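Colleague: Input: one structure, supplied below.
Nothing in this text is a laboratory measurement; each read-out follows from the coordinates by a stated rule. The structure presented is a predicted model; accordingly, all values stated were derived computationally and were not measured. Cβ sites come from the backbone with ideal geometry, for glycine too, and all protein chains shown count toward neighbours.
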Amino acid sequence: MNRKEEIRNELAEISPFLAGLNLQSAFKVPKGYFAELPDAILESVSPLAELKRAPGFSVPKNYFESLPDLVLDRVAPKQVTETVAEVAKPAATPSSSWLDDVINSIAFLFQPRYALRLAGVAVLLVAGFFFLQNPDSSSEGTLAGTDLDPFEEYGINIDDLSDEDVDFMLEDLFAEGISDEDLEGLL
Amino acid sequence: MEMTDDQILSLLQTEENYEKGFRVLMEAYQERLYWHIRKMVHQHDDANDVIQNTFIKVYRSIGKFEGKSKLYTWLYRIATNESITFLNKKKKKATSSIDDEDANLSNRLKADEYFDGDEIQYQLQLALETLPEKQKMVFNMRYFDEVSYADMSEILETSVGALKASYHHASKKIEAFLKASVDG
């Protein structure tokens with residue numbers, strides 16, 4: 001009696017119901033899976049793959065535990081103190097007087113984002129002023145090296161420009177490489 | 001021509017033939033081991049991960065194979081251990097209850113493009129899922145893979161008597177589950 005028969009007979013004794021079903025495994029694999037598997041495994045055990053897993057570098061014992069302290073030691077103590085103080089500062093402190101409110105508002109306007117917008121508005125106001133003072137000015141008119149002619153040429157009213165337009169314009173100016181001197185001149 | 005285990009092992013003993021020998025070994029055993037693993041982990045992607053881990057382990061430790069057991073029982077043992085390790089890790093990650101797990105298996109099998117069973121085969125998988133891990137393994141190895149009790153004893157490091165009892169219990173429980181699902 002071969003093993004197949006032996007196993008079938010054994011099951012028929014334990015459970016004639018189960019033996020009668022004669023079930024096969026219903027699991028399948030993707031097409032060509034077994035043809036490709038040896039290559040996939042050999043690739044993952046190749047010396048190159050082994051090197052990738054363990055490239056041979058190591059670090060001194062407890063290196064990563066001490067790294068944050070090493071970095072903090074090399075940062076200027078003043079800078080650390082300021083940074084810590086900045087982080088520890090409450091997000092919004094209540095103003096103690098109207099003067100504090102005014103100072104806070106001015107400080108708020110000097111944040112880089114708003115300072116740029118203000119600079120943009122200043123440029124437009126100055127340009128508008130010159131335009132109104134000298135309506136016959138030639139198309140070569142420039143302001144601190146910045147050509148503002150497109151406004152006139154395309155009939156754009158400066159007052160109609162939104163903050164976003166000004167931001168966009170300034171981005172263009174910076175993209176073209178406006179110098180610090182030009183910027184100071186504009187301001 | 002198919003190589004014998006001794007021929008494969010002799011190839012693996014020389015450095016210049018090591019890769020060739022390992023390829024022959026994989027080609028000879030990959031399907032048997034894959035199906036053994038697949039019946040335990042169910043999903044093809046999981047079985048693929050486990051069989052790759054199994055062969056990587058074999059690649060690194062074939063030098064330790066002393067020939068005291070058959071090559072295929074040694075390979076089965078590694079595959080079994082890798083499958084159990086995988087299932088334990090999966091269980092640790094899972095946060096759902098046992099009922100949810102059953103529902104998950106049911107849904108996974110129905111959605112699995114690599115499961116092509118009819119209703120009774122689908123019910124058989126659900127019945128197997130109700131068994132303890134080792135009982136499930138014994139049933140699968142005996143019923144589907146037709147492994148002898150002597151070999152199974154080497155693979156699972158369990159006595160033949162205990163394996164026979166385990167197979168008996170597993171068959172009875174599966175019969176009861178399938179009859180209940182047919183009647184229900």
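Colleague: In Å and from the alpha-carbon atoms only, list the Rg and Dmax of chain B.
Modeller: My reading of the Cα-based Rg and Dmax gives 18.0, 61 Å.
Colleague: Running a GNM on chain B with Cα contacts under 10 Å, which residue among B:L33, B:L105, B:L75 ends up with the highest mean-square fluctuation?
Modeller: Top of the fluctuation ranking is B:L105.
Colleague: In the neighborhood of A:S15, defined by Cβ-to-Cβ distances under 15 Å, what is the net charge if each Lys or Arg adds +1 and each Asp or Glu adds -1? Numbers along the way, then the final one.
Modeller: Details: positive: A:R8, B:R142, B:K164, B:K172, B:K173, B:K179; negative: A:E10, A:E13, B:E175.
Value of the local net charge: +3.
Colleague: Pick from B:K110, B:K70, B:K39 the residue whose mean-square fluctuation is largest in a GNM of chain B, springs joining Cα atoms under 10 Å.
Modeller: Per the Cα network of chain B with a 10 Å cutoff, B:K110 tops the list.
Colleague: Right, here's the next one. Tell me, what is the FRET efficiency for B:T14 and A:L70 to the nearest 0.05, using R0 = 41 angstrom and their Cβ-Cβ distance as r? Walk me through the numbers on the way to the answer.
Modeller: Details: r = 50 Å, r/R0 = 1.22.
Working from the Cβ atoms, E equals 0.25.
Colleague: Here's something else I'd like to know. Output ³J(HN,Hα) for region A:17-33: one whole-Hz value per residue in order, computed from phi by the Karplus curve 6.51 cos²θ - 1.76 cosθ + 1.60 with θ = phi - 60°, and x for Gly and Pro.
Modeller: Each residue's phi maps through the Karplus curve to give 4, 5, 5, x, 6, 6, 7, 10, 5, 9, 7, 10, 10, x, 4, x, 4 Hz.
Colleague: In a shell of Cβ-Cβ distance under 9 Å around A:F27, excluding A:F27 itself, what net charge do Lys and Arg (+1) and Asp and Glu (-1) give?
Modeller: So the environment of A:F27 carries a net charge of +1.
Colleague: Could I ask something else about it? Kindly flag which residue pairs out of B:K39/B:K110; A:K4/B:K90; B:K89/B:K164; B:K39/B:K179; B:K57/B:K136; A:K28/B:K68 have an alpha-carbon separation exceeding 26 Å in this structure.
Modeller: Violating the 26 Å limit, Cα to Cα: A:K4/B:K90; B:K89/B:K164; A:K28/B:K68.
Colleague: While we're on this one: Projected onto the charge dipole of region B:97-184 (+1 at Lys/Arg Cβ, -1 at Asp/Glu Cβ, origin at the Cα centre), which of B:Y167, B:N104, B:F139 gives the Cα projection farthest towards the positive end?
Modeller: B:Y167
Colleague: Looking at this model, which pairs from B:K64/B:K91; A:K61/B:K92; B:K70/B:K173; B:K134/B:K173 are more than 25 angstrom apart at the alpha-carbon?
Modeller: From B:K64/B:K91; A:K61/B:K92; B:K70/B:K173; B:K134/B:K173, over 25 Å: B:K64/B:K91; A:K61/B:K92; B:K70/B:K173.
Colleague: Output the relative contact order of chain B, whole-number percent, from Cα pairs under 8 angstrom with separation of 6+ residues.
Modeller: The value is 19 percent.
Colleague: What does the charge add up to near A:P38, with Lys and Arg as +1, Asp and Glu as -1, over the other residues with Cβ less than 12 Å from its Cβ?
Modeller: Here the count lands on -4.
Colleague: What is the average number of partner chain Cβ atoms found within 10 Å of a Cβ in A:16-22?
Modeller: 4
Colleague: Please compute the average number of Cβ atoms from other chains found within 10 Å of each residue's Cβ in peptide B:114-121. Intermediate results must be reported in sequence, preceding the final value.
Modeller: Numbers: counts 6, 4, 4, 6, 2, 0, 3, 6.
Mean partner-chain Cβ count within 10 Å for B:114-121: 4.
Colleague: Can you compute the helix-only [θ] at 222 nm over chain B? Use -39500 (n - 2.57) per DSSP H run of at least 4 residues, normalise by all residues, nearest 500 deg cm²/dmol. All intermediate terms of the calculation are to be shown ahead of the outcome.
Modeller: Values: 9 runs with 141 residues, N = 184.
Taking each H run of at least 4 residues, the total per residue is -25500 deg cm²/dmol.
Colleague: Can you name the helices of chain B, as whole DSSP H runs, whose Cα span along the helix axis is 20 Å or more and whose Kyte-Doolittle mean is not below -1.0?
Modeller: Helices meeting the span and hydropathy rule in chain B are B:18-41, B:44-61, B:71-93, B:160-183.
Colleague: Give the shape of region B:97-184 as rounded, prolate or oblate, defined through the alpha-carbon gyration tensor: a ≥ b ≥ c are the square roots of its eigenvalues, a/c under 1.5 means rounded, and otherwise the shape is prolate if a/b is larger than b/c and oblate if not.
Modeller: Cα axes put region B:97-184 in the prolate bin.
Colleague: Averaged across B:33-44, how many Cβ atoms of other chains sit within 10 Å of each residue's Cβ atom?
Modeller: On the way: counts 0, 5, 3, 0, 0, 4, 2, 0, 0, 1, 1, 5.
For peptide B:33-44, the averaged partner shielding equals 2.
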